[in-house]
Amino acid sequence: PYLNTLLKQIYDEFYVSDEKVDEIIKGFHDEMRAGLDEHNVLLPMIPSYVTGRPTGKESGSYLALDLGGTNLRVCLVTLNGDSTFDMIQQKFTISQEAKDFTLFDWIAQCVDIFLEENKISYDDFTKPTPCAFTFSFPIDQTGIARGNLIMWNKGFSVPNAVGRDIVTLTQNAFTRKHVNVKIVAIINDTIGSLMASAYTNPNCYMGIIFGTGTNACYWEKVSNIKKWSTGNLDRNPDEMIVNMEWGAFDNKLQVLPFTPHDNKLNRKSQNHGLQVFEKMISGMYLGEVIRNAILWLVDRRVLFGGRSSEILNNAYSLDTAYVSVIVADDSPNLDEVRMFIESTLSIPGTTFTDRAVVKNVCKLIGGRAKRLSAAAMCAVLLWRPEVLDNPITIGVDGSMYQFYPKFAESLKVEAIRVLGKEKADNLNIILSKDGSGVGAAVVAMTVSKPA
Ligand code: ADP
């Protein structure tokens, strides 16, 4: 009975009601409005300078660079003009020396090797190959191919880069190495996701990442972006992609269903008080919230006979990939859950009740992640409800979307409830694999050949 009382308490804390979803959607709209009106508010709502929609008929070869925390990917994407494309790519592991000192020259060297090894020759040296750069560090973007580095993270510390334009730094290194490539755009991974899907589905309206972190972007009317002036553009576009940085939603802690287990995670995290929405739903954090809840039950001696293990005691030891496996285990004795607890966590001799409790806690907290993810997507769709009068596509990437059980279905179910069946039927949610390659190339293409 004590176990049931505690489980009920956890259930009440993590349960997200329809009313809560509606409240969250309203909260999103308030923060989106503020972010579009003013600088330096909670939700950054960053204008991307991407203004041209692809039609799928474009052709040509474009380079894409994708700099993440561990690898640099160099891709050559050939758009075939019929919504199909071919791609060759090469991955280079970023050395500590590059992270600390030589990054930009190292990037130029990698591009040089890639072009050489793949025998990509230039027909015409006056026409450099256009390239888009997916750059996963915070920048203050001031043009489609201009952005000053705000700070390094993920263990990078190249000197004399903070405050300077990343495109100039990279382009100068290309010049030093005689690499005949011109960076025409700098983007992030959500924009890559949107644009990669848009090449095959030109009605693509939104790009979302549910991976290590979470973020989204969508097409906004330029007249709605009040904080921004068109001074930096040579045309007057009607629409522009806005990078929401929605992981920062509710950093004031007003709307989201915070539990003591979320607060514990937040308090101990490096970016305390930041990215609080991301901390409830993304792959990096979901396992850790669940670990906190499991330990809370262990400490009250209702789980594993009150025993933990060194592994379970370690922060971030419960990888979200395991959560997917646990939730999907429908075997009568919960054999996968047993394997996880007894082998992976090294807690021997589980009872069926132990395993059932672990599975239920995973389902509950993972279910909250799905519900909140769907709420965020619906908030963006309801922001401009007229876009749902016609069929639209949403391009989604990331392991949570791909592998968490029934993640995609959950987005659809919530969309039907919130938007109504008729509008939800206009929604085509697709996996947008590899946006930072194809999507970046598509951006390079739209920039090189403005619509
Ligand atoms: P990234 O977002 O870094 O590009 P991914 O989309 O692959 O990369 O996301 C990695 C995150 O997804 C990690 O936090 C990992 O724990 C989590 N993850 C990996 N596999 C799964 C899975 N099967 N189910 C749920 N989450 C997963």
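Observations
- Summed side-chain charge close to ALA408 - residues other than ALA408 whose Cβ falls under 13 Å, Lys, Arg +1, Asp, Glu -1: 0
- Note on region 236-276: Cα convex hull, mean projected area over all directions, 4.2 nm².
- Proximal aspartates and glutamates relative to LYS268, as straight alpha-carbon distance under 18 Å, when same-chain residues fewer than 8 apart are discounted: GLU278, GLU288, ASP319
- Region 131-185: relative contact order as a whole-number percent, Cα under 8 Å and 6+ apart: 39
- Computed about the Cα centre, the dipole magnitude for region 49-187 is approximately 260 debye when only Lys and Arg (+1) and Asp and Glu (-1) carry charge, each at its Cβ.
- Electrostatic tally near ARG300: other residues with Cβ closer than 14 Å to its Cβ, Lys and Arg +1, Asp and Glu -1, net +1.
- Residue-averaged [θ]222 nm for the chain, counting only DSSP H segments that reach four residues, each worth -39500 (n - 2.57): -12500 deg cm²/dmol
- Checking every one of the trypsin sites (Lys or Arg not before Pro) in region 215-291 against DSSP loop status and a limit of 14 other Cβ atoms within 10 Å picks out LYS226, LYS227, ARG235, LYS252.
- Distance cut-off 24 Å, percentage of C-alpha pairs in region 49-187 lying past it: 30
- Pairs of Lys residues in region 49-187, spaced 8 or more positions apart or belonging to different chains, with C-alpha separations under 24 angstrom: 15 in total.
- Over the chain, relative contact order from alpha-carbon pairs under 8 Å, at least 6 apart, %: 22
- The Kirkwood hydrodynamic radius of region 311-451, based on inverse pair distances between different Cα atoms, is 17.8 Å.
- Rh by Kirkwood over Cα pairs, then Stokes-Einstein D for the chain at 1.306 mPa s and 10 °C, µm²/s: 68
- Loop sites in region 45-138: trypsin sites (Lys or Arg not before Pro), DSSP, at most 15 other Cβ within 10 Å: LYS57, LYS119
- When the C-alpha to C-alpha distance is required to be over 28 Å, the pairs from LYS264/LYS359; LYS227/LYS423; LYS227/LYS433 that qualify are LYS227/LYS423; LYS227/LYS433.
- Taking the charge dipole of the chain about its Cα centre, with +1 at Lys and Arg Cβ atoms and -1 at Asp and Glu Cβ atoms, the residue from SER308, SER432, LEU345 reaching farthest to the positive side is SER308.
- On a per residue basis, the convex hull of the C-alpha atoms belonging to region 266-380 measures out at 101 Å³.
- Filtered trypsin sites (Lys or Arg not before Pro), region 1-40: DSSP coil and at most 13 other beta carbons within 10 Å: none
- Karplus-based coupling profile of region 186-197, in residue order and whole Hz: 10, 9, 10, 5, 5, 5, x, 4, 4, 6, 5, 5, with θ = phi - 60° in 6.51 cos²θ - 1.76 cosθ + 1.60 and x standing for Gly or Pro.
- Phi to ³J(HN,Hα) by Karplus 6.51 cos²θ - 1.76 cosθ + 1.60 over region 252-261, Hz, x for Gly, Pro: 7, 6, 10, 10, 5, x, 5, 10, x, 6
- Ranked MET339, MET195, criterion: other C-beta atoms within 10 Å, fewest first: MET339, MET195
- Within the shell defined by Cβ-Cβ distances under 10 Å, the residues around CYS217 carry a net charge of -3, with Lys and Arg each +1 and Asp and Glu each -1.
- Relative exposure of TYR218, TYR322, judged by other C-beta atoms within 10 Å (fewest first): TYR322, TYR218
- Whole-Hz couplings from phi, Karplus 6.51/-1.76/1.60, listed for region 407-419; x for Gly and Pro: 5, 4, 4, 5, 4, 5, 4, 5, 4, 5, 5, 7, 9
Where a number appears in this text, it was derived from the coordinates with a stated rule and is not lab data. Worth saying up front: this structure is predicted, and the values here are computed from it rather than measured. Note: ideal-geometry Cβ built from the backbone for every residue, glycine included; neighbour counts use all protein chains shown.
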